[in-house]
Amino acid sequence: MTEPFRVFLVDDHAVFRSGVRAELAREADIDVVGEAGGVAEAVSGIDSTKPDVVLLDVHMPDGGGVAVLNRISEGPVCLALSVSDAAEDVIAVIRAGARGYVTKTISGSELADGVRRVAGGDAVFSPRLAGFVLDSFTGRSAVPEPPLDPELDSLTPRELEVLRLLARGYTYREIAEDLFISVKTVETHASNVLRKTQQSNRNALTRWAHKRRID
């Protein structure tokens, strides 16, 4: 009997991971061997479980899919699984090494088929997303590189993490617990973010972040 495809799930939403795990559990030839909700946990889990395929969320508070791709050793193939269908997100993860990109509107059976296909060496994309990649690599993309954004570039990695969580509606206390820092430190980072982005309050900052797809 052929060994099942070993899959590792990376997404910062536990409920979504549970749903994906339940869908893939219906497939006799797919075995979910682990899951993670952040970059460091994902890198460690992937290294220890040695999956064939990593299903990888694109946006996470601590760096997202590109950060995972940049830190894992060669071995598993990665299939991005995201709510975003923005061209810049697709291009960024493919350039970082992902073998495909599908959106979270995909059905369970389609996702299982995607796992099998990338494990077999194919590239897999949701409809229309492949065009972004083709345009990028042939020089016809409208978004060949992310645009320069001095305000965003001025943020430190930790400030960017805090910004992502603020944009998702987390309270200061929730951010502190998620990042293992004090509430006072969160307040300091939030104040720095407001100053550097030139936003007057949290509501304005959230709108600013959403316009840049920081969530």
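The values are calculated or read from the model by the stated rules, or taken from the named source; none is laboratory data. All values reported here derive from a predicted model rather than from experimental measurement. Note: ideal-geometry Cβ built from the backbone for every residue, glycine included; neighbour counts use all protein chains shown. To get the accessible areas, we keep the full protein, side chains included, count just its heavy atoms, and leave off ligands, DNA and RNA. Shrake-Rupley method; radii C 1.70, N 1.55, O 1.52, S 1.80 Å.
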Hits in segment 6-20 - residues which are over 12 Å from L56 (Cβ atoms) and modelled with pLDDT of 95 or more: R6
Check on L194, open to solvent by less than 60 Å² (accessible area, probe 1.4 Å) and under 22 Å from S84 (Cβ atoms): no
Of all residues making up segment 178-189, the number that are at pLDDT 90 or above and open to solvent by 60 Å² or more (accessible area, probe 1.4 Å): 3
Every pair of residues 6+ apart whose Cβ atoms lie under 9 Å, when the first sits in segment 91-110 and is of a type in the set (F, W, Y) while the second is assigned to a helix (DSSP H, G or I): Y101/D89; Y101/V90; Y101/V93; Y101/I94; Y101/L129; Y101/A130; Y101/F132; Y101/V133
Scope segment 156-215; condition free of Cβ contacts under 8 Å to residues at least 24 places away in the same chain, β-branched (V, I, T), farther than 19 Å from H13 by Cβ and in a helix (DSSP H, G or I); matching residues: V183, T185, T188
Scope segment 7-32; condition surrounded by fewer than 18 Cβ atoms within 10 Å (Cβ to Cβ) and not in a helix (DSSP H, G or I); matching residues: H13, A25, R26, A28, D29, D31
Residues of segment 2-28 satisfying the condition of being of a type in the set (D, E) and within 13 Å of L111 (Cα to Cα): E23, E27
